[in-house]
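Q: Quick one: structure below, then a few questions.
The values are calculated or read from the model by the stated rules, or taken from the named source; none is laboratory data. Fair warning: this is a prediction, and the values are worked out from it, not measured in the lab. Glycine also receives a Cβ, built like all others from the backbone with ideal geometry; neighbour counts cover every protein chain displayed. Quick note on the areas: whole protein, heavy atoms, side chains included, nothing else; ligands and nucleic acids left out. Shrake-Rupley method; radii C 1.70, N 1.55, O 1.52, S 1.80 Å.
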Amino acid sequence: RAEAPTLVRVAKAQSGQITFIGVNVRDRESDARTYLAEYGVPYPNLRDVDGAVEPLYDSVGIPFSVFISADGVIERTWIGPLDEQHLLAFIEEIS
């Protein structure tokens, strides 16, 4: 929740230039839908129904962000909420 406004704002500003994808890894589906509606999340969100996503990226907690380049290379991971300054810097690094 702490980073949601930043993610929404940057996703809208960068629409068509980069792709954001959210993944619900622990919440019940109804809680995730409530969160998405509450914050007006404009990007696609998936539900990790079998718990495969966190181990795939060596996640140790949430929030957890993965920055993947256009050619599919994981460029950076981040544990914890992102502020706008870091988010934009990380985007710039892989653009």
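Q: Just the accessible area for L36, please: 1.4 Å probe, Å², rounded to the nearest 10?
A: The value for L36 is about 50 Å².
Q: In the chain, what % of DSSP beta bridges are antiparallel (nearest 5)? Kindly include the intermediate steps, with their values, before the conclusion.
A: Working: 5 of 9 bridges.
About 55 percent, rounded to the nearest 5.
Q: Here is a further query. Take every Cα pair under 8 Å in the chain that's 6+ residues apart, average their separations, divide by the length, and report that relative contact order as a whole percent. Kindly include the intermediate steps, with their values, before the conclusion.
A: Numbers: 91 pairs, mean separation 25.6, N = 95.
The value is 27 percent.
Q: Further question: What number, in percent, do you get for the relative contact order of region 47-87 if the mean sequence gap of Cα pairs under 8 Å and at least 6 apart is divided by its residue count? Don't skip to the end; give the middle numbers.
A: Numbers: 33 pairs, mean separation 12.6, N = 41.
31 percent.
Q: On to the next question. Please report, in debye to the nearest 20, how large the charge dipole of region 15-86 is about its Cα centre when each Lys and Arg carries +1 at its beta carbon and each Asp and Glu carries -1 there. All intermediate terms of the calculation are to be shown ahead of the outcome.
A: On the way: 5 positive and 12 negative charges, 24 e Å.
Magnitude of the dipole: close to 120 debye.
Q: Tabulate in residue order the Karplus-calculated ³J(HN,Hα) for region 26-37, using 6.51 cos²θ - 1.76 cosθ + 1.60 with θ = phi - 60°, rounded to whole Hz; enter x for Gly and Pro.
A: Once rounded to whole Hz, the list reads 9, 7, 5, 4, 5, 5, 5, 5, 4, 4, 4, 5.
Q: Right, another one. With springs only between Cα atoms under 10 Å apart, run a GNM on the chain and tell me which of S59, S30, S15 wobbles the most.
A: It is S30.
Q: Using 7 Å Cα-to-Cβ label points, what is the V60/A37 separation (nm, one decimal)?
A: Taking the simple label geometry, V60 and A37 are separated by 3.7 nm.
Q: What figure, in Å² to the nearest 10, do you get for the accessible area of R47 with a 1.4 Å probe and non-protein molecules left out?
A: Using a 1.4 Å probe on the heavy atoms, I get roughly 120 Å².
Q: Now for a separate question. Compute the Cα gyration tensor for the chain, then decide on rounded, prolate or oblate, letting a ≥ b ≥ c be the square roots of its eigenvalues: rounded whenever a/c is under 1.5, prolate when a/b is larger than b/c in the other cases, and oblate in all that remain.
A: Details: a/c = 1.65, a/b = 1.18, b/c = 1.40.
Since a/c reaches 1.5 but b/c is at least a/b, the shape of the chain is classed as oblate.
Q: Over the heavy atoms of V49, what accessible area does a 1.4 Å probe trace out, to the nearest 10 Å²?
A: 110 Å²
Q: Turning to a different aspect of this structure: Taking 0.36 nm per residue of sequence separation and subtracting the Cα-Cα distance, how much length would be gained by fully extending the chain between E92 and F67, in nm to one decimal? Let's see the in-between values first.
A: Numbers: separation 25, 0.36 × 25 = 9.00 nm, distance 1.08 nm.
Length difference between fully extended and current span is 7.9 nm.
Q: Shifting gears a bit: For region 30-79, what does the alpha-carbon gyration tensor say about shape, rounded, prolate or oblate, given a ≥ b ≥ c as the root eigenvalues, a/c under 1.5 as rounded, and a/b over b/c as prolate? Write out the running numbers ahead of the final one.
A: Working: a/c = 2.02, a/b = 1.48, b/c = 1.37.
In terms of gyration-tensor shape, prolate.
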